[in-house]
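The block underneath contains the structure these notes are about, expressed in structure tokens.
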Amino acid sequence: MRLSGKICLITGGAAGIGKAAAEKFIAEGAQVVICDLDEDLGQAVADELGHGTLFYKVNVTDRGEVQAWVDDVIEKFDRVDVLINNAGITRDGLFVKYKDGALVSQMSEQDFDLVVNVNLKGVFNCTQAVTPQMIKQGGGVVLNASSIVGLYGNFGQTNYAATKFGVIGMTKTWSRELGQFNIRVNAVCPGFILTEMVKKMPEKILDGLAAKTPLGRMGLPEDVANLYAWLASDEASYIHGTTISIDGGMVLGT
């Protein structure tokens, strides 16, 4: 029960790594509050998790919605101990695609802006909303979801890579600014994780991804959730401003 009594907020908590993190944090004694855009799924997950888990429909790109969510949580519990910035999307496509000397397609401005708004601005919005309360109460933990794509880049993911590199940059900066208030900020970089969405990919592709990983398997959402729980606990009280890969030893492009 390493997180007993802690108030933990998880964005994108209705599925995948977010849901696994919610389950883990509940098992560790935390009061969990999840948000997501999918209201039906989010409420169903909160009901499934039990233990007083709360769900809010929140668009992390909307500062007003984010602030209203955080304000309501503070009104209910008078504190926020942990924020996991887990919400994220992909809109993959080549930066430019040429064939036979002619431009065939390119990543659209709309897809670039959408991914930046959710994956980067959303992290900014949520962290800025909880920080004043964490300062007031004497500390807290912010955990940001980056990716191994945020370390190495990846083919067809200009927009996604830009945001995940950016999340690491914000993590480093916030660790310098917020450490004086006993607010620990760290980034986690998952590799290929076997979420429900990923499971829908063709088996041949999944086998190929596993084969590229030195441990010979893809990661599970629970693997990342376990890391989040440790980082949120007092056992990691001197871990600050770092970026931790959880990828089975994989390096993209090798």
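The numbers here are math on the coordinates, done by the rules we state, and not lab data. Keep in mind the model is a prediction, meaning the values are calculated, not measured. Backbone-built Cβ (ideal geometry, glycine too); neighbour counts: all protein chains shown.
Amide H contacts of residue 56 (H built 1.01 Å from N, in plane; Pro and chain starts excluded): 34, 35, 36 sit under 5 Å, all sequence-distant by 5 or more or on other chains.
Charged neighbours of residue 65, selected by a Cβ distance under 15 Å, balance to -3 (K, R count +1; D, E count -1). For region 1-88, the equivalent ellipsoid derived from the alpha-carbon gyration tensor has semi-axes of 18, 15, 11 Å in decreasing order.
Among 147, 237, 175, the largest mean-square fluctuation in a Gaussian network model of the chain, built with springs joining Cα atoms closer than 10 Å, belongs to 237. Eigen-decomposition of the gyration tensor built on the alpha-carbon atoms of region 1-50 gives equivalent ellipsoid semi-axes of 18, 9, 9 angstrom, largest listed first.
Considering only 229, 146, 90, and ranking their Cα positions along the charge dipole of the chain that arises from unit charges at the beta-carbon of Lys, Arg, Asp and Glu, the one farthest toward the positive end is 146.
Its Cα gyration tensor gives region 7-246 an equivalent ellipsoid, and the semi-axes of that ellipsoid, as √(5λ) in whole Å with the largest first, are 30, 20, 18.
The charge dipole of region 7-246, taken about its Cα centre with unit charges on the Cβ of Lys, Arg, Asp and Glu (plus for the first two, minus for the last two), comes to roughly 840 debye.
The residue list 215, 185, 73 was ranked by how far each Cα lies along the charge dipole of the chain toward its positive end, using unit charges on Cβ atoms, and 215 comes out on top. Positive end of the dipole of the chain (Cβ unit charges, origin at the Cα centre): among 130, 44, 251, the Cα lying farthest that way belongs to 251.
Can you grab the distance from the C-alpha centre of region 184-254 to the C-alpha centre of region 100-174, Å, no decimals? That distance is 17 Å.
State which helices in the chain qualify, where a helix is a whole DSSP H run, it must extend 20 Å or more along its own axis by its Cα atoms, and its mean Kyte-Doolittle hydropathy must be at least 0.0. Can you show the working numbers first?
Details: long enough: 63-77 (21 Å, -0.37); 122-137 (23 Å, 0.04); 158-178 (29 Å, -0.24).
In the chain, the long hydrophobic H runs are 122-137.
Stokes-Einstein diffusion of region 81-171 at 10 °C, 1.306 mPa s viscosity, Kirkwood radius from Cα pairs, rounded to a whole number: 110 µm²/s. Pairs of lysines in region 7-246 whose Cα atoms sit within less than 23 Å of one another amount to 22, provided the residues are eight or more positions apart or on different chains.
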